[in-house]
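Working notes for the structure below.
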Amino acid sequence: MSAKIIDGVALGKTIREEVAAETAALKAKGITPGLAVVLVGENPASKAYVGSKEKACLEAGMHSV
């Protein structure tokens, strides 16, 4: 088996586009998918991670709390 090089940036973009399309299809049926996060503590890395997930949700058309 030979190695296969994966373009993570391109793959991530494709996945985000698919999620956005699926979200739009659900919203057309009156369903808004979302993500709820409970952050415990004041860890800056955790805050940054949660912030990036919130941004990704908004870009996909999802609800984020």
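Sort out which residues of the stretch 5-45 are charged (D, E, K, R) and within 19 Å of C57 (Cα to Cα), and write them in order of number. The answer is K13, R16, E17, E18, E22, K27, K29. Within the stretch 1-24, no residue that is under 17 Å from L35 (Cα atoms) and open to solvent by less than 60 Å² (accessible area, probe 1.4 Å) sits with its Cβ atom under 6 Å from a residue that is assigned to a helix (DSSP H, G or I) and among the β-branched types (V, I, T) at 6+ positions apart or across chains. Checking each residue in the stretch 1-26 for being outside any helix (DSSP H, G or I) and charged (D, E, K, R) picks out K4, D7.
The values are calculated or read from the model by the stated rules, or taken from the named source; none is laboratory data. Just so it is clear, the structure is predicted and the values come from calculations on it, not from any experiment. Neighbour counts are summed over all protein chains in view; Cβ atoms, including those assigned to glycine, are modelled from backbone coordinates with ideal geometry. Only protein heavy atoms, including side chains, enter the accessible area calculation; ligands, DNA and RNA are left aside. Shrake-Rupley method; radii C 1.70, N 1.55, O 1.52, S 1.80 Å.
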